[in-house]
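The structure under discussion appears below in the form of structure tokens.
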Amino acid sequence: MQRINLFPNPVLAGPLTGINKWGGVTASVNKTNHQLVVSGSNGGYGLNVDVPANTPLVVSMFVYTDITKQSTPVVIMDVDDANKVTLLAHVKPKSNASTMVTRVTSKTGKIRFEAYPVSGTTVNFGDLLVERADTYDKAVGGGLPGFFTGDTMPRE
């Protein structure tokens, strides 16, 4: 099975699409470390990503916040056609900076990564990987690539 990152812009190069912004926040891309930098307060900034509906996914992302007491600097939400959201996961770094891995399943086929800086703080996120859980599990669980076993046929 071929591993595919479903996030179309993993190094945040080029224009960001599927943006959702509200409240008093600003966002920019740090072109050196390829992270989205969200700052301000009383608001959120997010990116929508199309994913397969009703398919278990693994999401990996680096998260940094300059305030370690912030409860959830990034959330992952399911987004429906009316732009109504349902929380799928909270993403909080173990310290002020770490890579987090979580599992989600979108019922709608669209998820949003949204950052919430608190009281003028900064939240960065990057290194986004959104992958089908079955391909992630085989790769991380020690599965051999198909060219070693002769199994090169795509699976569903």
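Residues that are modelled with pLDDT of 90 or more and within 26 Å of LYS21 (Cβ to Cβ) within the stretch 117-156 comprise VAL123, ASN124, PHE125, GLY126, ASP127, LEU128, LEU129, VAL130, listed in sequence order. Annotation: of all residues in the stretch 87-107 being open to solvent by 80 Å² or more (accessible area, probe 1.4 Å) and touching a strand residue (DSSP E or B) at 6+ places or on another chain (Cβ under 7 Å), the one that is farthest from THR65 (Cα to Cα) is LYS107.
Out of (1) touching a residue at least 40 places away in the same chain (Cβ under 8 Å); (2) in contact with a Lys or Arg (Cβ under 9 Å, 6 or more places away or on another chain); (3) not in a loop (DSSP other than H, G, I, E, B); (4) not charged (D, E, K, R), the odd one out for MET77 is which? Among (1) touching a residue at least 40 places away in the same chain (Cβ under 8 Å); (2) in contact with a Lys or Arg (Cβ under 9 Å, 6 or more places away or on another chain); (3) not in a loop (DSSP other than H, G, I, E, B); (4) not charged (D, E, K, R), MET77 violates only (1). Pairs meeting the criteria (first residue in the stretch 104-128 and in a strand (DSSP E or B), second residue among the charged types (D, E, K, R), beta carbons under 7 Å, at least 6 apart or on different chains) are LYS110/ASP50; ILE111/ASP78; THR121/ASP66; THR122/ASP66.
With the structure loaded, tell me whether THR72 is modelled with pLDDT under 90 and surrounded by fewer than 18 Cβ atoms within 10 Å (Cβ to Cβ) or whether it fails that test. Yes. Summed over the stretch 1-13, the residues that are open to solvent by 50 Å² or more (accessible area, probe 1.4 Å) and under 17 Å from LYS31 (Cβ atoms) give a count of 3.
Summed over the stretch 108-123, residues that are open to solvent by 20 Å² or more (accessible area, probe 1.4 Å) and farther than 13 Å from TYR45 by Cα total 4.
Does any residue of the stretch 25-43 turn out to be open to solvent by 40 Å² or more (accessible area, probe 1.4 Å), over 13 Å from VAL130 (Cβ atoms), without any contact (Cβ under 8 Å) to a residue 24 or more places away in the chain and within 13 Å of the chain's Cα centre (by Cα)? No; the residues of the stretch 25-43 include none that is open to solvent by 40 Å² or more (accessible area, probe 1.4 Å), over 13 Å from VAL130 (Cβ atoms), without any contact (Cβ under 8 Å) to a residue 24 or more places away in the chain and within 13 Å of the chain's Cα centre (by Cα).
From the list ALA53, ALA13, exactly one residue is under 20 Å from GLU131 (Cβ atoms), among the hydrophobic types (A, V, I, L, M, F, W, C), part of a loop (DSSP other than H, G, I, E, B) and in contact with a Lys or Arg (Cβ under 7 Å, 6 or more places away or on another chain). Which is it?
Answer to the selection: ALA53.
The values are calculated or read from the model by the stated rules, or taken from the named source; none is laboratory data. Bear in mind the structure is a predicted one, so any value in this text is a computation, not a measurement. Using ideal geometry, Cβ is built from the backbone for each residue, glycine included, and neighbour counts are taken over all protein chains shown. Heads up: the accessible areas ignore ligands, DNA and RNA and are worked out on the full protein's heavy atoms, side chains in. Shrake-Rupley method; radii C 1.70, N 1.55, O 1.52, S 1.80 Å.
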